1. Quick one: how many residues across segment 103-151 are of a type in the set (Val, Ile, Thr) and either touching a His at 6+ places or on another chain (Cβ under 6 Å) or under 18 Å from VAL83 (Cα atoms) (or both)?
2. Quick one: how many residues across segment 50-80 are surrounded by 12 or more Cβ atoms within 10 Å (Cβ to Cβ) and small (Gly, Ala, Ser)?
3. I'd like the residue in segment 117-135 that is outside any helix (DSSP H, G or I) and touching a residue at least 24 places away in the same chain (Cβ under 8 Å) and, out of all such residues, is nearest to PHE100 (Cα to Cα).
4. Please verify whether segment 51-58 includes one or more residues that are within 19 Å of the chain's Cα centre (by Cα), more than 17 Å from PHE6 (Cβ to Cβ) and hydroxyl-bearing (Ser, Thr, Tyr).
5. Only one of SER124, SER115, SER48, SER94 is of a type in the set (Gly, Ala, Ser), in contact with an Asp or Glu (Cβ under 7 Å, 6 or more places away or on another chain) and in the same structural domain as GLY13 (by TED's automatic domain parsing); which?
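The values are calculated or read from the model by the stated rules, or taken from the named source; none is laboratory data. Everything numeric in this text was worked out from a predicted model, so none of it was measured. Here the Cβ positions follow ideal geometry from the backbone for every residue, glycine too, while neighbour counts run over all protein chains shown.
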Amino acid sequence: MPSDQFFLAGQDGTRYMISRRAALLSGLISHALEAEPDTEELPLPAISAALAVKFLEYLEYHADVPPRALPRPVATDSLQHIVDEYDWAFLSESSQEMLFELLLVANYFAVPSLSALVLAHIASMMYLKPAHEIQSLFNIRTDATPEEAQAIAKRFKTAVFLPPLPPSYPHTGALQAQQQPPVPQQSQQSQQPQAGPEGPAPHH
């Protein structure tokens, strides 16, 4: 009979124990156990110990507490009053680097609730911010040298490089309003009633 515990093995030889019930929150592990029910260990990708521990803590917590539904789209600059206390602490105590690494691990292990949580938090961080603030917040560069741009274009075939945006760059809504085409005005002739098939009605 399979043990109640499951292990994830790090590439440095460290083995992380997790309850089988928590491990089943992962689609990857679920499929592996369907194929081989007696499997007790799966390898971890090359991630840090801190990231592995944080990921497993999330699985253990939500093995007992179902994740709350998240709004779509995210129309707030904070999830504090939307998610439970554990998830808010989980997010707020994570650096940006940790958040993006968690997103990769969640995608690798197919944990949709964790992917949705991290993406919603990132979306809230960008909510109503102009483009130049988002660039600064996430340290997004738009000044790649020609050599860097060429190297990235070779690696990512769909990469697109945009020029730097000035601080006065308008909000998206304002930009869309500026780009709306003018509504054509009807001529007076087109507004006059059309004659019927037998000509205009006689006046009395």
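1. So in segment 103-151, the residues of a type in the set (Val, Ile, Thr) come out as 105, 111, 118, 122, 134, 140, 142, 145.
With either touching a His at 6+ places or on another chain (Cβ under 6 Å) or under 18 Å from VAL83 (Cα atoms) (or both) added as a condition, the list becomes 111, 118, 122.
Of the residues in segment 103-151, 3 are of a type in the set (Val, Ile, Thr) and either touching a His at 6+ places or on another chain (Cβ under 6 Å) or under 18 Å from VAL83 (Cα atoms) (or both).
2. 3
3. Filtering first and then ranking leaves TYR127.
4. No, segment 51-58 has no match at all.
5. That would be SER124, the only listed residue that is of a type in the set (Gly, Ala, Ser), in contact with an Asp or Glu (Cβ under 7 Å, 6 or more places away or on another chain) and in the same structural domain as GLY13 (by TED's automatic domain parsing).
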